[in-house]
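Notes to accompany the following structure.
The values are calculated or read from the model by the stated rules, or taken from the named source; none is laboratory data. Fair warning: this is a prediction, and the values are worked out from it, not measured in the lab. Note: ideal-geometry Cβ built from the backbone for every residue, glycine included; neighbour counts use all protein chains shown. Calculation scope for accessible area: heavy atoms of the full protein, side chains included, ligands and nucleic acids excluded. Shrake-Rupley method; radii C 1.70, N 1.55, O 1.52, S 1.80 Å.
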Amino acid sequence: MTRLIVWRHGNTDWNAASRVQGQTDVLLNDLGREQARTAAPLLAGLRPDVIVASDLSRAADTAAALAEVTGLPVRTDTRLRERHFGQWQGLLLTEVAERFPVEYARWRAGDPDPGAGIETLDDLGKRLGAAFQDAADLAAGGTVVVTTHGGAARQGVGHLLGWDHPVMRTVGSLGNCHWTELRHGEARGWHLRAHNVGLITRPALAEPV
């Protein structure tokens, strides 16, 4: 049985400000670093065999906190980056709603391809699903921790589980430094064991911020 832990990065100033990060490389803030340090011993208790992270600093630095506790190296995979938010990256959500009212309404309604240069949910799911599977294959029968981003985590998990978009929209967002646990066995394939696990330090922020 292979266990895959999908771990969202810690808090950033852009999270706190509701500014769209997407694939912009934004650093963890003091709270985010504290969240990573606090969560790391809990995840270390799961005895991970491999750690893989998005190359964006907020995810890579979160993974580094776990690496410090476990002594494991961190492998990076650019496919684990957050959804690309096109023309919205760097804008406050209030600015997005004002400048792109049609696309914003479509995004809020769950349209998988809202426009404005935003990566489609289908493309995001395939990208993350492939990265998750490749990470899991590094330690078949063991435990792999993948450090990624909120929107990317949900879409990649949904892709592995075979969920369609309406089902994925019913799944709550991961809080900063919270994780989802999946397991894979020959009989059942991928299945969900736990979601949004972690210490509650602050309410979860909605994607993409």
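Could you tell me which of the residues LEU28, LEU46, LEU42 is more than 17 Å from HIS195 (Cα to Cα), among the hydrophobic types (A, V, I, L, M, F, W, C) and more than 13 Å from the chain's Cα centre (by Cα)?
Of the residues listed, the single one that is more than 17 Å from HIS195 (Cα to Cα), among the hydrophobic types (A, V, I, L, M, F, W, C) and more than 13 Å from the chain's Cα centre (by Cα) is LEU28.
For region 85-98, which residues satisfy the criterion of being open to solvent by 60 Å² or more (accessible area, probe 1.4 Å) and touching a Phe, Trp or Tyr at 6+ places or on another chain (Cβ under 8 Å)?
GLN87
Only one residue in PRO101, PRO73, PRO114 is surrounded by fewer than 20 Cβ atoms within 10 Å (Cβ to Cβ), over 18 Å from THR148 (Cβ atoms) and of a type outside the set (Phe, Trp, Tyr), so which one is that?
PRO101
Evaluate region 127-148: report whether one residue or more is of a type in the set (Lys, Arg) and open to solvent by 50 Å² or more (accessible area, probe 1.4 Å).
Taking every residue of region 127-148 in turn, none turns out to be of a type in the set (Lys, Arg) and open to solvent by 50 Å² or more (accessible area, probe 1.4 Å).
Residues LEU192, LEU161, LEU205, LEU124: which one is within 25 Å of ASN15 (Cα to Cα), aliphatic (A, V, I, L, M) and at pLDDT 95 or above? It would help to see each step written out before you state the result.
On the way: LEU192 fails: within 25 Å of ASN15 (Cα to Cα); LEU161 fails: within 25 Å of ASN15 (Cα to Cα); LEU205 fails: at pLDDT 95 or above.
Unique residue meeting the criteria: LEU124.
Give me the pairs, please: first residue somewhere in region 49-69 and under 18 Å from GLU34 (Cβ atoms), second residue anywhere and in a helix (DSSP H, G or I) and open to solvent by less than 10 Å² (accessible area, probe 1.4 Å), beta-carbon distance under 6 Å, and either six or more positions apart or on two chains.
THR62/ALA36; ALA65/ALA36; ALA65/ALA40; LEU66/ALA40; LEU66/LEU43; VAL69/ALA40
Quick test for you: out of THR180, THR147, THR143, THR170, pick the one residue that is among the hydroxyl-bearing types (Ser, Thr, Tyr) and in contact with a Ser or Thr (Cβ under 7 Å, 6 or more places away or on another chain).
THR147
Yes or no: region 97-113 includes at least one residue that is touching a residue at least 24 places away in the same chain (Cβ under 8 Å) and on the phi > 0 side of the Ramachandran plot. Give the derivation first.
Narrowing region 97-113 to residues touching a residue at least 24 places away in the same chain (Cβ under 8 Å): 110, 112.
Subset that is on the phi > 0 side of the Ramachandran plot: 110.
Within region 97-113 (the criterion being touching a residue at least 24 places away in the same chain (Cβ under 8 Å) and on the phi > 0 side of the Ramachandran plot), the answer is yes, since at least one residue qualifies.
Residue by residue through region 2-36, note down the ones that are in a helix (DSSP H, G or I), open to solvent by 20 Å² or more (accessible area, probe 1.4 Å) and either touching a residue at least 60 places away in the same chain (Cβ under 8 Å) or not acidic (Asp, Glu) (or both).
Matches in region 2-36: TRP14, ALA16, ALA17, LEU31, ARG33, GLU34.
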